[in-house]
């Protein structure tokens, strides 16, 4: 159910200070409300499964449940409007997250909506000539390459991107690196299309690292799992720095993705999870978007171009997952973009 702004803040206080009492929540809330009101908010969060309690009587304490972390309905824009160092954030990697990921992160209604879009997508694809199919595929690749690059700060326009991919002509007054980033998206998507059966069988290190290699080729980025600490601008979250821990986190992520039956959940967990682990020196979110698409293609679902996504909203949703592990803002974007892609393209 939707939570009021105050209830969201109560949940975030408990997230940042697990084992806190209701009276301490009131102190941290910095709002002129009564303890009875805070207890009422906590009772609602308990009822909805966002919290778990320990102890009894005066010593009762609260913390977010796994469900609370994953499905807490936060306003990502309001959350990110707070300065990074003042947010009620978790700065450290959550090792329990991937092994305990549920079988699906979508509700029955959400899955029904996605499946309805898939049925329409397949019907249009099945009635399409080979020539039209190739034209649709080219349009999709151009729009994916443009928008995924734009999310990362690339300043090519959609028309510039079309000219680059179709004619090999780079836009004037832009760096070679920007053109390389866009062309690399096309190469990476071509790879995942050819290897769709491999992705259907399961995600593994070799497949993910090859997608990443194709995305960063010629951009001065090292291949393979990084060996140094990285920071992320605009967030308090600090990814793992030990390469052995990074590889272990990836193993857990791949194992959980491969065991999930729902293809939409596979794709969304990959999108969020790879961004969260940040296994590479650079290009992590680009790789996550392409891997998510690879899993959708492997399951005969529509891939996402992200053409209509708001870049700021996308980045804010990622930050919420970094700091709270709530997948809700990113899930909203995933659903919107899946419905858009299924209606706009055919035969990818």
The stretch 5-64: relative contact order as a whole-number percent, Cα under 8 Å and 6+ apart: 42
Residues in the stretch 1-44 that a label on residue 54 would reach, taking backbone N under 17 Å of a point 7 Å out along Cα→Cβ: 14-25
Footprinting exposure proxy for 265, 53 (fewest neighbouring C-beta atoms within 10 Å first): 53, 265
Folded to 0 to 90 degrees: helix 205-216 orientation relative to the chain principal axis, Cα: 70
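So for 244, 62, 314, fewest C-beta neighbours within 10 Å to most, what's the order?
Working: 244 9, 62 27, 314 20.
Ranked by crowding around the Cβ, least crowded first: 244, 314, 62.
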Simple label model, 7 Å out from Cα along Cβ direction - residue 135 to residue 227, nm: 5.1
Percentage relative contact order, the chain, counting C-alpha pairs under 8 Å, at least six apart: 23
Separation in nanometres of the label points that stand 7 Å from Cα toward Cβ, at residue 44 and residue 116: 2.9
Cα-based helix-to-principal-axis angle, 130-151 vs the chain, degrees rounded to 10: 50
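Compute the Rg/Rh shape ratio of the stretch 5-64: radius of gyration over Kirkwood radius, all on alpha-carbon atoms. The partial results should precede the final answer.
Numbers: Rg = 10.1 Å, Rh = 11.1 Å.
Reported Rg/Rh, Kirkwood definition of Rh: 0.91.
State, as an integer percentage, the relative contact order of the stretch 215-348 based on alpha-carbon contacts under 8 Å between residues 6 or more apart.
Relative contact order for the stretch 215-348 comes out at 23 percent.
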For the stretch 108-344, convex hull of alpha carbons as volume per residue, Å³: 120
R0 of 22 Å, Cβ-Cβ distance residue 259-residue 66: FRET efficiency to nearest 0.05: 0.85
Tilt relative to the chain, helix 243-259 - C-alpha long axis, 0 to 90 degrees, to 10: 80
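Quick note: the coordinates plus some simple rules give every number you see, no bench work behind them. For clarity, every value in this text was computed on a predicted model and none was experimentally measured. Cβ coordinates were reconstructed from backbone atoms using ideal geometry, including for glycine residues, and neighbour counts include every protein chain displayed.
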